[in-house]
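Take a look at the structure set out below.
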Amino acid sequence: MHIMVTNDDGIHATGILALSQALGALGEVTVVAPDRERSAAGHSLTLHSPLRVFELRSGFYAVDGTPTDCVNMGIHSLLPFRPDLVVSGINHGPNLGDDITYSGTVAAAMEATLMGIPAIAVSLASHDPDGQFSAAASVALRVARLVMANGLPPDTFLNVNVPNCAPDRMGPPLITRQGKRSFVGNIVDKIDPRGRKYFWIGSEEPAFNDEQGTDFHAIHREHVSITPLHLDLTNYESMKILAGWPL
Ligand code: MN
């Protein structure tokens, strides 16, 4: 069994090392990841410049591109076999609610799904520098085993968020739906040393509606959250409403 591991925090991040080591129990792991942090790269693909690949050590490839570039490079060029599973993470920070549309971690799993390969995105839901990555890696291994044993529904991948706590305090995994962010507009503007204005987006932790059944609700209560995602963004309910328009 061959597993490809990627992330958006970059190949030198703590989370990808913990993940690749844990998944070694399940099969042969190849890491293809951005050469630097590309968090919030979303599903972007590099089309107008070349990509370079650096093999840092056996089975560890750094690409000077986005997480989506890495999945493409891994599957179409670097890996000798088509992987049986792609796992992205472990992201250092939550990927909950509407924020998943910004996430390079989630987009990498999305890209693998587009290629018909089972995929999981894993995030440690904390920015704590001493985050419990080994506990999150154990959860990732458990979920990966279940995916391999049971398969996934068509066009579906998993967004897994793990609370930052000791394994004995962690609640059992809950199957959740995507929550909703209560958006706080927060752009900081300051003056740089040359006297010019600069702007910085998103200085505060985002707030979420704490609704039962959501990813945020589960994480807030120290449960592992597993949200099955799919790529069809169609709002089916709205189709009925728009069908009534005099088009
Ligand atoms: Mn990240």
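Where a number appears in this text, it was derived from the coordinates with a stated rule and is not lab data. On a predicted model such as this, the values are computed, not experimentally measured, just so you know. Counting neighbours? That spans all protein chains shown, and the Cβs are built from the backbone with ideal geometry, glycine included.
Only a single item in (1) within 16 Å of the ligand (Cβ to nearest atom); (2) buried (at least 20 other Cβ atoms within 10 Å of the Cβ) is not met by GLY42, and it is number (2). Pairing each residue of the stretch 31-45 that is in a loop (DSSP other than H, G, I, E, B) with any residue that is within 14 Å of the ligand (Cβ to nearest atom) and of a type in the set (Phe, Trp, Tyr), provided the two are 6+ apart or on different chains, yields C-beta distances under 8 Å for ALA40/TYR102; GLY42/TYR102.
Would you check if SER49 is in a loop (DSSP other than H, G, I, E, B), more than 16 Å from the ligand (Cβ to nearest atom) and small (Gly, Ala, Ser)? Taking the combined requirement at face value, the residue satisfies it. Would you point out the residue of the stretch 95-105, among those that are near the ligand (Cβ under 10 Å from one of its atoms) and surrounded by 24 or more Cβ atoms within 10 Å (Cβ to Cβ), that is nearest to ILE219 (Cα to Cα)? Among residues in the stretch 95-105 that are near the ligand (Cβ under 10 Å from one of its atoms) and surrounded by 24 or more Cβ atoms within 10 Å (Cβ to Cβ), the one nearest to ILE219 (Cα to Cα) is ASN95. One residue stands out in the stretch 13-41 among those that are β-branched (Val, Ile, Thr) and over 16 Å from SER138 (Cβ atoms): the one that is farthest from the chain's Cα centre (by Cα), namely THR30. Say whether the condition of being in contact with a Ser or Thr (Cβ under 6 Å, 6 or more places away or on another chain), within 13 Å of the ligand (Cβ to nearest atom) and within 20 Å of ILE100 (Cα to Cα) is met by at least one residue in the stretch 14-21. Checking the stretch 14-21: not a single residue is in contact with a Ser or Thr (Cβ under 6 Å, 6 or more places away or on another chain), within 13 Å of the ligand (Cβ to nearest atom) and within 20 Å of ILE100 (Cα to Cα). In the stretch 112-131, the qualifying residues are those that are more than 16 Å from the ligand (Cβ to nearest atom) and closer than 20 Å to LEU146 by Cβ, and the one that is surrounded by the most Cβ atoms within 10 Å (Cβ to Cβ) is ALA119.
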